[in-house]
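Below you'll find the structure, written out as C-alpha cells, and then a few comments.
What follows is calculated from the coordinates using simple rules that are stated; it is not laboratory data. Computed from a prediction, not measured in an experiment: that's the story for all the values here. Because the Cβ atoms are built from the backbone with ideal geometry, glycine has one as well, and the counts that use them run over all protein chains shown.
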Amino acid sequence: MKQHPEICPRCESNGPEALSHSPVEGAWTVFHCPTCFFTWRSTEPDFITDPKKYNPNFKFSPADMANFGVMPAIPELKTKG
C-alpha cells in the first residue's frame, strides 16, 4: 500500500489527512485534503495520487478558491395543487 501522502495531488497543499481505513487492515485508506476537499483512495492509480501526474486541467491552487463561484441555493419544492 502507498504511504501517507505529504501533499494533495490536486491543489498541492500540505497535510492531507487519513479519512477512513478499510475493514481489512492495510487494504486501503481514504485520504482527504482539508484545503480543497479532494478525496482519494490509496489504491488509486498514480495519475490520481501523484501530483506530478495529476491532470493539469483539474488542478488549482488554494488561492484560486477565492475566485470560485458560490453554489446556487436549492429552490423550495413546489407543492402539488
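Data overview
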{"quantity": "Counted charge near Thr39, where neighbours are those whose Cβ lies closer than 12 Å (Asp, Glu -1; Lys, Arg +1)", "calculated": "0"}
{"quantity": "For the chain: Kirkwood Rh in Å [reciprocal of mean 1/r, alpha carbons]", "calculated": "14.6"}
{"quantity": "DSSP-assigned coil residues among trypsin sites (Lys or Arg not before Pro) in the chain, each with at most 10 further Cβ atoms within 10 Å", "calculated": "Lys52, Lys78, Lys80"}
{"quantity": "Within-13-Å neighbourhood charge of Phe58 [Cβ basis; K, R +1; D, E -1]", "calculated": "+1"}
{"quantity": "Sequence of Phe31, Phe58 once ranked by neighbouring C-beta atoms within 10 Å, starting from the fewest", "calculated": "Phe58, Phe31"}
{"quantity": "Sorted by Cβ density within 10 Å, fewest first, the residues Trp28, Trp40", "calculated": "Trp28, Trp40"}
